[in-house]
1. Grab the Cα-Cα distance for GLU100 and ALA127, subtract it from 0.36 nm times how many residues apart they are, and report the gain in nm with one decimal.
2. Under a point spin-label approximation (7 Å from Cα along Cα-to-Cβ), what is the LYS110-LYS92 distance to one decimal in nm?
Amino acid sequence: MKIHQLAIACIISVTLASCKKEGNKGIIKSDQEIILADNGKPDSTISYNVDVDGNKSIKTDYVYRASDGTLVKVVFNYDPADRNVSIRSNNKTFILKKTEAKPSETIYEKDDMKALVKGDSLILHQASNIIELVKTKI
């Protein structure tokens, strides 16, 4: 009888101890904060990444692929003082300043070069050339 009561007491204590767990603390949480566009509406093309400690990263880089297969590195700088995009391809870097933001697209420009960012696509206009880029999952 004492063994039976001891076994029940062990099961109850294990059950109570397991209920106090708060989940796996090794998992990194990534929350995104919505940033407003120039017109005051949410801009889906810009968001800060917040790590577990609450630190915000304001630069994000992606790899885009052109229709001919060329890979292009694109770095977005979301610093409120100087929002720009840096596009690097063939050892050349172009830095374009943000000129306009709408809820679903953002426009960056410098001289004769213009970049339209819409979702996972980036369309470059340089003089009479149009280059379409799509974000890769690398």
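Read-outs throughout are calculated quantities, based only on the coordinates presented, and are distinct from any laboratory measurement. Note that the coordinates shown come from a computational prediction; the quantities given were computed from them, not determined experimentally. Glycine also receives a Cβ, built like all others from the backbone with ideal geometry; neighbour counts cover every protein chain displayed.
1. Net length gain for the segment: 7.8 nm.
2. 1.2 nm
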